[in-house]
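Scroll down for the structure; my scribbles are underneath it.
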Amino acid sequence: MTNYRDLFRTRGVFRIVVSQLIARFPAGMLSLAALIHVQRQHDSYAAAGLVLAALAIGQAIAGPLTSRIFGRFGMFRVIGVTLTIAALATVSLAIPGLSVPLYAVIAFIAGASTPPIQPAARSLYPSLVAPKQRTALFAFDASVQEIIWIFGPVIVTFLSLSIHSALGILAAAALLVTGGIWFLTAPQVVHAVSGEPTGRLGSVLRSHALLMVLAVGFVISAATAMMEAAVVANFGHGGVQAGVILAALCASSLAAGFLVGQRRLTRWSLAKRLGLVGVGLALASMQTGFWWVLAAGVIAGAGIAPVIAAITHMTSTAVASSDVAEAFGWSTTAQLVGIAGGSSAAGVLIDAYGGQVALAAAAAVTFAGVGIASFVGRGQPPSRRAQEGPTRPIPRVTPVGA
């Protein structure tokens with residue numbers, strides 16, 4: 001196993017990893033912050049869900065398109081322009097008293113201008129380290145991003161529920177600008193030269209492995225977002241219980257990611273890891289007690305980062321090197337749409353039936369993902385036995401003189 005310390009001795013790795021991590025914090029904050037802010041302004045989770053749907057549509061458009069045009073306009077220009085627009089739109093989303101349609105328009109602009117920092121960073125990784133270190137770097141990236149989901153929801157719940165509903169959105173904008181500028185001015189980004197894609201937009205979707213990544217990424221993100229919204233609805237009215245539960249879920253995910261993130265993938269890895277998430281969500285839907293939901297969240301969290309690590313590695317090997325940025329763009333889009341779509345669906349369910357039904361729906365979505373990962377073999381890693389090759393029969397030894 002490659003030592004993580006050796007990775008950060010390589011020039012440029014620390015700055016790229018940390019700056020993109022800071023810039024991506026809004027991914028773990030903006031949907032939840034917008035949900036709380038719009039709900040407080042209009043006293044309706046359904047209205048907040050409509051705004052999050054607009055955010056999701058914008059993100060769906062942005063991901064693969066902005067990543068693909070790196071080769072034409074350059075990574076520096078694309079990220080610089082989208083970062084500026086996204087920052088302005090995110091700040092505007094925090095304005096109180098706007099109508100739901102206007103919030104939706106602003107959310108769409110914020111989503112459509114999401115800077116493609118994650119695809120950019122992951123397309124740079126292979127050029128930063130030696131081939132033998134790439135698996136460790138991708139695993140570290142997939143695991144450490146759980147910091148976003150540990151501190152992001154906690155920051156939002158504290159600022160938006162305890163002080164003012166707009167502060168969570170403003171904090172997301174501040175982190176986006178800070179990390180985005182640090183990433184943008186890195187020499188590796190300024191001088192990056194991306195190859196022209198090998199086919200038309202969307203041609204990478206012919207890869208069965210990438211389609212598996214998109215499906216699983218959507219499922220895990222939607223289920224996690226639904227749990228976040230349900231926890232806020234059940235425990236967010238005063239106190240810090242909601243933030244504690246979400247922090248425990250993500251801390252469990254972070255620990256599990258470092259523990260199993262570098263293990264060799266097999267045919268059943270995704271199904272097993274998704275199944276663990278589904279079990280935790282199902283348990284959380286059965287009771288409303290704080291300690292019960294906290295324990296269930298820890299169980300669910302133990303599968304999240306390992307799933308992300310698996311689909312990240314699958315994406316990096318699913319397409320040609322010149323198409324990796326676009327592939328990561330599609331993967332990021334699937335996850336962001338899952339987050340916004342899950343929050344939107346949870347908002348409607350919470351208004352109509354309550355938080356426990358939203359948790360049960362999150363479990364159902366996850367088990368649907370388990371079914372996909374179990375029954376769709378194409379695009380999956382081979383079984384462990386296939387990776388190790390056929391087992392040789394033990395030769396029969398005949399004793400001398402027999």
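Condition test on Ser123, is it in contact (Cβ under 8 Å) with a residue 40 or more places away in the chain, buried (at least 21 other Cβ atoms within 10 Å of the Cβ) and under 22 Å from Leu83 (Cβ atoms)?
yes
Just to be sure before I move on: is Thr178 at pLDDT 90 or above, of a type in the set (Ser, Thr, Tyr) and either buried (at least 24 other Cβ atoms within 10 Å of the Cβ) or assigned to a helix (DSSP H, G or I) (or both) in the structure I sent?
When the stated conditions are applied, Thr178 passes them.
With out of contact with any Lys or Arg (no Cβ under 8 Å at 6 or more places or on another chain), closer than 14 Å to Val216 by Cα, assigned to a helix (DSSP H, G or I) and among the aliphatic types (A, V, I, L, M) as the only criterion, which of Val307, Val337, Val357, Val348 stands out?
Sole residue among the options that is out of contact with any Lys or Arg (no Cβ under 8 Å at 6 or more places or on another chain), closer than 14 Å to Val216 by Cα, assigned to a helix (DSSP H, G or I) and among the aliphatic types (A, V, I, L, M): Val337.
Is there a residue in segment 10-22 that is among the basic types (Lys, Arg), closer than 21 Å to Arg122 by Cβ and under 16 Å from the mean Cα position of the chain (by Cα)?
no
Test each condition in (1) basic (Lys, Arg); (2) part of a helix (DSSP H, G or I); (3) at pLDDT below 80 for Arg15 and report the one that comes out false.
(3)
Go over the candidates Thr84, Thr10, Thr66 one by one and state the one that is touching a Pro at 6+ places or on another chain (Cβ under 7 Å) and hydroxyl-bearing (Ser, Thr, Tyr).
The match here is Thr66.
So is Phe328 under 28 Å from Thr66 (Cβ atoms) and in a helix (DSSP H, G or I) or not?
yes
Suppose we filter segment 273-294 for residues that are in a helix (DSSP H, G or I) and without any contact (Cβ under 8 Å) to a residue 12 or more places away in the chain; how many remain?
Residues that pass the stated criteria total 2.
Using the structure shown, decide if Thr288 is closer than 15 Å to Gly355 by Cβ, surrounded by fewer than 23 Cβ atoms within 10 Å (Cβ to Cβ) and of a type in the set (Ser, Thr, Tyr).
Spelling it out, Thr288 is indeed closer than 15 Å to Gly355 by Cβ, surrounded by fewer than 23 Cβ atoms within 10 Å (Cβ to Cβ) and of a type in the set (Ser, Thr, Tyr).
For the list (1) surrounded by fewer than 24 Cβ atoms within 10 Å (Cβ to Cβ); (2) part of a helix (DSSP H, G or I), I need the number of the one condition that Ala54 fails.
Just one mismatch for Ala54, condition (1).
Report, by residue number, each residue of segment 324-362 that is charged (D, E, K, R) and surrounded by 24 or more Cβ atoms within 10 Å (Cβ to Cβ).
Scanning segment 324-362 gives a single hit, Glu326.
Quick check: is even one residue across segment 25-33 assigned to a helix (DSSP H, G or I), in contact (Cβ under 8 Å) with a residue 24 or more places away in the chain and either among the aromatic types (Phe, Trp, Tyr) or farther than 23 Å from Phe158 by Cβ (or both)?
Within segment 25-33, one or more residues are assigned to a helix (DSSP H, G or I), in contact (Cβ under 8 Å) with a residue 24 or more places away in the chain and either among the aromatic types (Phe, Trp, Tyr) or farther than 23 Å from Phe158 by Cβ (or both).
I need the full set of residues from segment 340-377 which are under 13 Å from Ala215 (Cα atoms) and not aromatic (Phe, Trp, Tyr), in order please.
If the condition is that a residue be under 13 Å from Ala215 (Cα atoms) and not aromatic (Phe, Trp, Tyr), then Val365, Thr366, Ala368, Gly369, Val370, Gly371, Ile372, Ala373, Ser374, Val376 are the ones that fit.
Out of segment 81-106, which residues are surrounded by fewer than 18 Cβ atoms within 10 Å (Cβ to Cβ), in contact (Cβ under 8 Å) with a residue 40 or more places away in the chain and not aliphatic (A, V, I, L, M)?
Within segment 81-106, Pro96, Gly97 meet the criteria.
Among the candidates Ala255, Ala309, Ala305, Ala271, which residue alone is over 15 Å from Phe140 (Cα atoms) and out of contact with any strand residue (DSSP E or B) (no Cβ under 8 Å at 6 or more places or on another chain)?
On inspection, the qualifying residue turns out to be Ala271.
How many residues are closer than 19 Å to Gly243 by Cβ and among the aliphatic types (A, V, I, L, M) when one looks only at segment 254-295?
7
Across segment 142-172, what is the number of residues that are of a type outside the set (S, T, N, Q), under 18 Å from the mean Cα position of the chain (by Cα) and crowded, with 22+ Cβ neighbours inside 10 Å?
Residues in segment 142-172 being of a type outside the set (S, T, N, Q), under 18 Å from the mean Cα position of the chain (by Cα) and crowded, with 22+ Cβ neighbours inside 10 Å: 7 in total.
Can we say Gln133 is touching a residue at least 12 places away in the same chain (Cβ under 8 Å) and over 18 Å from the mean Cα position of the chain (by Cα)?
Judged against the criteria, Gln133 is a match.
Only one of these is out of contact with any Asp or Glu (no Cβ under 7 Å at 6 or more places or on another chain), within 25 Å of Tyr353 (Cα to Cα) and of a type outside the set (Asp, Glu): Val51, Val105, Val78, Val91. Name it.
The unique qualifying residue is Val51.
The values are calculated or read from the model by the stated rules, or taken from the named source; none is laboratory data. Please read these numbers as outputs of a predicted model, since none were measured by experiment. Note that each Cβ is placed from the backbone with ideal geometry, even for glycine, and that neighbours are counted across all protein chains shown.
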